[in-house]
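What follows is calculated from the coordinates using simple rules that are stated; it is not laboratory data. Given the structure is predicted, the values throughout are model-derived calculations rather than measurements. Every residue, glycine among them, receives a Cβ derived from its backbone with ideal geometry; neighbour counts consider all protein chains shown.
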């Protein structure tokens, strides 16, 4: 059975919709939603203004209703930087925050720093700790270290999603739960990944939206719009390809999309539960969604049938390839855009980047 973790939308109707999906599919189940306070004192790797606005009372009621309907809740505390807080200051905030979360019924927390992981293990062993994808676990050694630190589940680095042999070896070597992010369109092996996380961690509460939205977003989006083969090199997993991972023992998948309206999230979750999708492959992915729609970026999902299987069959290693193989080149030629709007977009991004570096 495929098990899904999906973004939280903090209302009862959303939980009702998720419950209906669970009742509709025998081989798929939504096991939990995930989210956090937008102004969390510890912070997360998302800018607070982009997250659903929620207060203590509403979150407590949401968790109670969700659990009553068979769906757990995972609190996200995945900041990658604790700034200039002293040890005493950080510990004081953590104790206050986690005690509050416990009263609300939170029993699992996703973290992105070793300190948070070991802090919870030592002080709150009843809390299940999930190692965030931001910890970039991509080797047997890293997963064993994370387990020793207290991780009960590890979200593996999206960059190894197509290295089935490595995933199989990691699964066999480390006795813990693993999870894969299914619908990310982040640049492969992005050099700005940790910088972006740190930037968002510091801007979680009070943000210069103009800067955060422009850089590194403008850099990322303009990169793959200019060179669409990068859109194929991202570690996305199609609904039809989930079976490749369940065969090696990994059956938990995260659906990205915090801050996205519930109707859009549900339109993406449903195909993953069905393991079938007919439509624009890029509509399943949220990173840069509005940008891609504005320039009509399109790839029929049926054109990608067999694509990932061929990557695996021919042992194409994304660490070495960089999109140079003929399979990626052939499929990339089938990606279409509104070329006039694409050109305008790229020109605007270059102008925006120049502006932030010179103002």
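Numbers for the structure displayed
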item	result
Protection-proxy order for peptides 247-257, 61-71, each taking the mean of Cβ atoms within 10 Å per residue, highest first	247-257, 61-71
Sequence ranges 151-163, 188-200, ranked by mean other-Cβ count within 10 angstrom, highest first	151-163, 188-200
For the chain, share of DSSP beta bridges that run antiparallel, in % to the nearest 5	5
Most to least packed among 220-227, 302-309 [average Cβ atoms within 10 Å]	220-227, 302-309
Segment 15-124: Cα Rg divided by the 2.2 N^0.38 Å rule of thumb	1.16
For the chain, built as a Gaussian network whose Cα springs stay under 10 Å, the top-fluctuating residue of 218, 58, 88	88
Average Cα contact separation per residue, segment 1-132, under 8 Å, 6 or more apart, as relative contact order %	23
Shape of segment 164-297, Cα gyration tensor, a/c cut at 1.5	prolate
Scattering profile of segment 267-359 at q = 0.11, 0.13, 0.14 Å⁻¹ [log10 I(q)/I(0), Debye over alpha-carbon scatterers]	-0.46, -0.63, -0.71
CD proxy at 222 nm, helix term only [per DSSP H run n ≥ 4: -39500 (n - 2.57); per residue of the chain; nearest 500]	-13500 deg cm²/dmol
Segment 256-359: relative contact order as a whole-number percent, Cα under 8 Å and 6+ apart	25
Shape call, segment 97-180: gyration tensor on alpha carbons, a/c limit 1.5	prolate
Relative contact order of segment 122-249, pairs being alpha-carbon contacts under 8 Å that are 6 or more residues apart, as %	27
